[in-house]
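Heads up: the structure comes next, in structure tokens.
The values are calculated or read from the model by the stated rules, or taken from the named source; none is laboratory data. None of these values were measured; they are calculated from a predicted model. Counting neighbours? That spans all protein chains shown, and the Cβs are built from the backbone with ideal geometry, glycine included. These area figures cover heavy atoms from the full protein model, side chains too; ligands, DNA and RNA do not enter into them. Shrake-Rupley method; radii C 1.70, N 1.55, O 1.52, S 1.80 Å.
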Amino acid sequence: MSTGFTSPFGGNSNPFGRLETTGMQRVAEEDENDMVTSPTTASFGRALADNNNGGGLFRSPFGADAASDTHMTGVGRPHLDTAGYPAQYNFGRRTSVSAESLKPPTGETYDNWTPPVHHKTPEQLQRLKEAISGNFLFRHLDDEQTAQVLGALIEKPIPSKDIKVITQGDTGDFFYVIEKGSFDIYVSPTGKVEPGLDGAGKKVSTIGAGGSFGELALMYNAPRAATVISAEPNCTLWALDRMTFRRILMESTFARRRMYEGFLEEVPLLSSLTPYERSKIADALKSEKFPAGHTIIREGDPGDSFYLLVDGEAVALRRGDETPVKHYKKGDFFGELALLNDAPRAASVVSTTEVKVVSLGKSAFQRLLGPVESIMRRTKYVGVKTGVEEMDPLQTA
Ligand code: 1OR
């Protein structure tokens, strides 16, 4: 089926070079019988919010942002296993990233490599900088690396809904950052797109502006793990070629995912997430160490971060209470209430030993922890409303 899409780029610079074949196709003929409303309908955010908190009786901080990065949609969570990943992903194991997968594939060499430079207008550059500013994979680059990546990215307007940008099972060629619009992720249990209406498999996620996709095949030298399709018209992507991705972005991404994989697996709050969802959290974490007696959160302050305790111990203290209202140990979380309820910090959290914490900013918290919102709301605090009070008890059982 013809796409009606013409590339503004020449043949060589077009990451969708196989446009007329399998690279990117309209898939309007594919089944649309999702159990959720379309992200393009006004009620989409609301449907997700209701799904997350079981009733939607209070304002969900996840509602507005619901269609963004890796947020599970209301199809339930049928894909919690790692089925669909090529075997070499071996996500469950900390040792999964072998030195082998860091090597360039046969025939690919970094000798004398220089990143491609694609000219951009000042207006394009401005939009591009904004698009990557919120993406954690770009956060750790130095000035030179940032300039190289900015030069190498290619703008890809995606004019219509239902354009297939990535096909599961294909070889990976580009990594994509979303400037505008949103994209649905489908996973087929057989590892590739099958013939027929439902051939792309189940929709497992929707990624929105500021998010990115297509890194797995490049990182692991493996077939595409999912099919990615535009969920609305007038989307804008920026594409980064495989070599520039591997040469500049990959090592820091790999290192962070590997560093936090084992820890995040052991955090009870996150145990219902997929390994892929946890790896997105790893990308976004900021790590800090504090001595004993340090006030990590101060009661009454506005809340901008959510914390996980990686090492050491801490307590929650409230003005007027003589004893701590809560004790925290490795793997526990705190700082969620102010973000969930858009309220000032309800207590202070103070380290009782030297501690290491990792934190997520508010928008990453909303994007990445939406699926566990109801679990966080189940934590009981004396005198603090968490939202679950209004919920149907049968739903929280
Ligand atoms: P890729 O290069 O394999 C498809 O091309 C991209 O879809 C993949 O990189 C990821 O960037 C993105 N499983 C696999 N790939 C996913 C998933 C996913 N979500 C986004 N991508 N999920 C696990 C399903 C069992 C969804 C987790 C919410």
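Remarks
- Qualifying residue in the stretch 265-278 (condition: within 18 Å of Gly172 (Cβ to Cβ) and within 16 Å of the ligand (Cβ to nearest atom)): yes
- Scanning the stretch 265-283 for any residue that is among the β-branched types (Val, Ile, Thr) and more than 15 Å from the chain's Cα centre (by Cα) turns up at least one such residue.
- Hits in the stretch 320-340 (condition: under 17 Å from His294 (Cα atoms) and not in a loop (DSSP other than H, G, I, E, B)): Lys326, His327, Tyr328, Phe333, Phe334
- Options Arg258, Arg246, Arg298: the member that is within 16 Å of the ligand (Cβ to nearest atom) and among the basic types (Lys, Arg): Arg246
- Among residues of the stretch 168-183, those that are within 10 Å of the ligand (Cβ to nearest atom) and not in a loop (DSSP other than H, G, I, E, B), counted: 4
- The single residue among Leu264, Leu237 that is surrounded by 17 or more Cβ atoms within 10 Å (Cβ to Cβ), closer than 19 Å to Val355 by Cα and touching a Lys or Arg at 6+ places or on another chain (Cβ under 6 Å) turns out to be Leu264.
- Residue under evaluation Glu313, criteria (1) out of contact with any strand residue (DSSP E or B) (no Cβ under 6 Å at 6 or more places or on another chain); (2) within 16 Å of the ligand (Cβ to nearest atom); (3) not aromatic (Phe, Trp, Tyr), criterion not met: (2)
- Lone qualifier among Gly181, Gly172, Gly211 - being more than 23 Å from Arg127 (Cα to Cα) and either in contact with a Cys (Cβ under 9 Å, 6 or more places away or on another chain) or among the small types (Gly, Ala, Ser) (or both): Gly172
Condition check ((1) away from the ligand (no atom under 13 Å from the Cβ); (2) in contact with a strand residue (DSSP E or B) (Cβ under 9 Å, 6 or more places away or on another chain)) across all residues:
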| position | (1), (2) |
| --- | --- |
| Ala217 | no, yes |
| Tyr220 | no, no |
| Ile229 | no, yes |
| Leu237 | no, yes |
| Glu251 | yes, no |
| Phe254 | yes, no |
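- Residue in the stretch 195-203 that is on the phi < 0 side of the Ramachandran plot and either near the ligand (Cβ under 9 Å from one of its atoms) or not in a loop (DSSP other than H, G, I, E, B) (or both) present: yes
- Failed criterion for Ile154 (all others in (1) away from the ligand (no atom under 16 Å from the Cβ); (2) open to solvent by 20 Å² or more (accessible area, probe 1.4 Å); (3) touching a strand residue (DSSP E or B) at 6+ places or on another chain (Cβ under 6 Å) hold): (2)
- Residue count for the stretch 176-190 under the criterion of being closer than 22 Å to Ile132 by Cβ and either at pLDDT below 95 or not acidic (Asp, Glu) (or both): the result is 8.
- Qualifying residue in the stretch 282-300 (condition: out of contact with any Leu (no Cβ under 8 Å at 6 or more places or on another chain), under 18 Å from Val267 (Cβ atoms), modelled with pLDDT of 95 or more and surrounded by 19 or more Cβ atoms within 10 Å (Cβ to Cβ)): yes
- When Leu317 is tested against (1) among the aliphatic types (A, V, I, L, M); (2) modelled with pLDDT of 95 or more; (3) in contact with a Lys or Arg (Cβ under 8 Å, 6 or more places away or on another chain), just one condition goes unmet, and that condition is (3).
- Of the residues examined, Ala343 is not one that is closer than 21 Å to Phe290 by Cα and of a type outside the set (Val, Ile, Thr).
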